[in-house]
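Worksheet for the structure shown next.
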Amino acid sequence: MPTCEMCGRTLRLAERGRPPRYCSRACRARAYRMRVADRSATGARADTGGDPQNGAGARAGTGARAEAGGDARQAPESAETGIPEGTLDRPLIVRAAIELADHDGVAAVSMRRVATELGVGVMSLYRYVASREELNDLMVDTVFGERPLPEPGPDGWRAKLELSAREEWALYRDHPWVSYLVAVTTRPPIAPSLMAYTDWRMRALDGHRLDFATMVQVAIMIGTYLQSAAMPLAHEAQAARVTRHTRQQWADARQDALHRTMRTARLPMVSEFGTEAFQASEPENIFEFGLHRMLDGIATLLEQV
């Protein structure tokens, strides 16, 4: 039987979704606080070059939050919030929301659920984040900010655009839920780090005789393609959480129904669908195929101006 990662108590197996890791909210909140403390300690060591003699100066330079985060497990806890005093802030709230989305999907993220993960009252979050919409924006901005595009980047517009596309695709692989927040809306998040990708792509095209509006269209087209191509990653992550089956296992279980459909429907091309076609339809392969065709189209456009 599985046991709680914090206290070792035996856990009940969940009927649906991922198996539980903790026996209670208290254990989950305590585990989260320990992760925060570990990250803070790692950041402090990086800031001081691993030299403990520099610790006091680094803490003085980063202020009270770093000082409190240096050893959060031993800091006094607030009776009202249940988390070390001085630790709750906007970056901590956003990081908790990102970890929750990574584990349970973005639909699981709410102000109340994030507060539960942190072991605080839900109203305390609103001192730092005004709304769920703002939290969404901050989540997107944070994950894009963790993967900035290099300056100046590789030589040539095509190499630059391909690099930017691969970096964004890697982000969607790491955080499939992001595509839900940026693709299924006509009102994209206010996220400077996301906008930086558009700006970087436009600069890659600058000087190739395209007018400004066309550069905007090309840059947005690339982002739109990537976001739509990444949507199956998000759907697959959600389906895997619910069914605990991979896409291949799902397809294998439906072979009989698929064959019956092929025998009765008039689908001369689809009826040839086999293992090779199934692999070609994987999101990763669709991304590769579409990326190169899109870059070929941009090359044709540049040849015509």
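The values are calculated or read from the model by the stated rules, or taken from the named source; none is laboratory data. Just so it is clear, the structure is predicted and the values come from calculations on it, not from any experiment. Here Cβ is always computed from backbone atoms with ideal geometry, including for glycine, and neighbour counts include all displayed protein chains. Please note that ligands, DNA and RNA were not included when accessible areas were found on the heavy atoms of the full protein model with its side chains. Shrake-Rupley method; radii C 1.70, N 1.55, O 1.52, S 1.80 Å.
Some observations on this one:
- According to the Kirkwood relation over distinct C-alpha pairs, the hydrodynamic radius of the stretch 113-170 is 14.1 Å.
- Treating r as the C-beta distance of Arg166 and Ala31 and R0 as 35 Å, the FRET efficiency rounds to 0.55.
- In nm, spacing of pseudo-spin labels at Phe289 and Val216 (7 Å Cα→C-beta vector): 3.3 nm
- Taking 7 Å steps out from each Cα toward its Cβ at Thr261 and Asp206 produces label points 4.9 nm apart.
- For the stretch 91-199, the share of accessible area belonging to carbon and sulfur comes to 55 percent (1.4 Å probe, ligands and nucleic acids excluded).
- Counted residue by residue at 0.36 nm each, then reduced by the alpha carbon distance between them, the extension gain from Tyr126 to His103 reaches 6.0 nm.
- Other-chain or far-sequence residues with amide H under 5 Å of Thr3's (modelled H): Leu11
- Relative to the current alpha-carbon distance between Glu146 and Phe278, full extension at 0.36 nm per residue lengthens the span by 44.2 nm.
- Integer Hz, Karplus 6.51/-1.76/1.60 couplings in order for the stretch 90-95, x for Gly and Pro: 4, x, 5, 5, 5, 5
- Label-to-label distance, Ala196 versus Ser228, with points set 7 angstrom from Cα along the beta-carbon direction: 2.8 nm.
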